[in-house]
Amino acid sequence: MSTLFISDIHLSEARPDMTAALLHFLQQEAPGADALYVLGDLFEFWIGDDDPNPLHQEVADAFLALSRRGVPLYFIHGNRDFLLGQDFARRAGMTLLPDPCIIDLYGTRTLLSHGDLLCTRDLGYQKFRRITQLGWLRWIFLHLPLARRRKIAGKLRGQSQQQNAYKAQAIMDVTPQAVDEMLRQHGCRLMIHGHTHRPAIHDVTLDGRAARRIVLGDWFEQGSILICTPGGQRLEQRSLPSAPQPMD
């Protein structure tokens, strides 16, 4: 018995090694799991379910194959793929979940989130996030021509990378008070999230009682998987495949 959690894969055509690692995981490791949860940023960016990018269909097919083998699949939006919609979810055999979301994890009431909601010290990002949640703005963006959407997404990614280069690391990490508040609000002692790219298991005390926060890792240098069983939780890494060497 095991339930699996991944996040922050950031798939793109520029990193076929990450795609290969994810496909191997879905085909060889995930079958037989009780469930698989993807906690956001599966893709580096998402401009709409109508984007004909072959990578998207390849990934959807791999998830659908896993779903047809009897593994329930769940997805929480990240800050990179918050526009991923029901059409892709159906093609991938996934169920979209709200952020945050509560599940029963082998008898433990568990809070799931992508994690960006917890980075409350990053005021600029939180403002941007509130804007991107506006339904009318999303509607307008998704009805723009694909080429225009790609251009806007590229510009936003560039601006984000430039801004993050000058931010203090503490600002881009979660705020402990925000973590405590979310746990209290939902009556949970276990939280699982991604976003910060700082994989770790944090055992803390909340209101005099033991609590745990598990942070999932990204897939830039190695795969990162959380394996949960009735007996506990463990973070594991997986090597990315080596890039093929050019022929002489």
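The values are calculated or read from the model by the stated rules, or taken from the named source; none is laboratory data. This structure is a prediction, so every number in the text was calculated from the model and none was measured. Here the Cβ is made from the backbone with ideal geometry for all residues, glycine too, and neighbour counts use every protein chain on show. When the accessible area is computed, the model is the full protein with side chains, heavy atoms only, and any ligands, DNA or RNA have been set aside. Shrake-Rupley method; radii C 1.70, N 1.55, O 1.52, S 1.80 Å.
Annotations
- Summary of packing: across the peptides 46-52, 5-11, the per-residue average of other C-beta atoms within 10 Å ranks them, highest first, as 5-11, 46-52.
- Assuming charge only on the beta carbon of Lys and Arg (+1) and of Asp and Glu (-1), the dipole of the range 65-105 about its Cα centre is about 260 debye to the nearest 20.
- Selection from Ala30, Ala60, Val204 lying farthest towards where the dipole of the chain points positive, charges on Cβ: Val204
- Interchain or long-range residues, amide H under 5 Å from Leu240's placed H: Gly223
- Alpha-carbon centroids, the range 177-222 and the range 119-139: separation in whole Å: 22 Å
- Split the accessible area of the chain by element, probe 1.4 Å, and carbon with sulfur accounts for 54%.
- Å² per residue, accessible surface of the chain at 1.4 Å: 51 Å²
- Convex hull projection area averaged over all views, the range 109-154, Cα basis, nm²: 4.7 nm²
- The chain - convex hull of the alpha-carbon atoms, volume per residue in Å³: 143 Å³
- 222 nm mean residue ellipticity, helices alone, for the chain (DSSP H n ≥ 4; -39,500 (n - 2.57); rounded to 500): -9500 deg cm²/dmol
- For the pair Arg157 and Gln126, label points projected 7 Å from Cα toward Cβ lie 2.8 nm apart.
- Coupling constants for the range 193-198 follow from the phi torsions by the Karplus curve (6.51 cos²θ - 1.76 cosθ + 1.60, θ = phi - 60°), and in residue order they are 8, x, 6, 7, 6, 10 Hz; glycine and proline get x.
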